[in-house]
Every structure is written in C-alpha cells, then in structure tokens.
Amino acid sequence: MTFYLFGSHDEKLRLKSFSSSTNGTKGTIRITLETSSMFELGFALEKLRDVQKGQREKPKPEPKPKAAKQKVLALPPPPLALPKPE
C-alpha cells in the first residue's frame with residue numbers, strides 16, 4: 001500500500017476516527033479522514049484508487065526457464081589431416 005498519513009498537527013488531511021470489527025477469520029478496519037483542502041481530498045482518493053487497482057490485477061506468471069540447448073552439428077567432424085605414410 002502506498003498511502004501515508006503522518007501525525008503532524010499541521011496536516012491538512014486529518015484522522016477523524018477509526019474502528020475495527022471481525023467476522024470469523026477476517027477483520028475490517030474503518031478509517032475516517034477529514035480535510036478542508038480539495039487538493040488533499042483528491043490526492044487521497046487517487047492513491048486509494050491506485051491501491052484498489054493494484055489489488056485487483058492478477059499477478060503475471062513467471063516465465064518458465066528454457067532448457068539449455070546443445071549445439072547439434074549436421075555433419076560429423078572431418079577426419080584429422082595427417083600425412084600419408086610412405
């Protein structure tokens with residue numbers, strides 16, 4: 001997740017409240033943010049949308065490693081060129 005909220009007293013985007021609940025093995029966190037800056041509101045919504053979009057995308061499968069290919073010669077190697085015995 002790439003969304004940050006700092007605890008500075010002069011932040012324009014402020015944490016208003018938070019709560020949590022559980023249902024079986026899953027937990028839910030509710031966070032309420034407050035701002036008077038439309039720029040900060042838009043920035044926060046854009047970053048939250050990016051997080052949601054990233055979580056919806058399926059991960060790309062890793063490519064399978066290719067087996068090492070051996071070099072195949074079309075013809076056998078030529079015989080050694082030795083002088084003819086006399």
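One table, with the values for the structure above:
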{"item": "Surface/4 estimate of mean projected area, convex hull on alpha-carbon atoms of the chain, nm²", "result": "15.8"}
{"item": "Those lysines that a straight Cα-Cα span of less than 29 Å connects to Lys58, excepting residues fewer than 8 apart in one chain", "result": "Lys26, Lys47, Lys66"}
{"item": "Helix-only CD estimate at 222 nm, as mean residue ellipticity for the chain, using -39500 (n - 2.57) per DSSP H run (n ≥ 4)", "result": "-7500 deg cm²/dmol"}
{"item": "Net charge dipole size for the range 46-86 [Lys, Arg +1 and Asp, Glu -1 on Cβ; Debye, nearest 20]", "result": "320"}
{"item": "Highest average packing first - 38-47, 13-22, Cβ atoms within 10 Å", "result": "38-47, 13-22"}
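Just so you know, all these numbers are worked out from the coordinates, no wet-lab data involved. Owing to the predicted nature of the structure, the values given are computational and were not obtained by experimental measurement. Note that each Cβ is placed from the backbone with ideal geometry, even for glycine, and that neighbours are counted across all protein chains shown.
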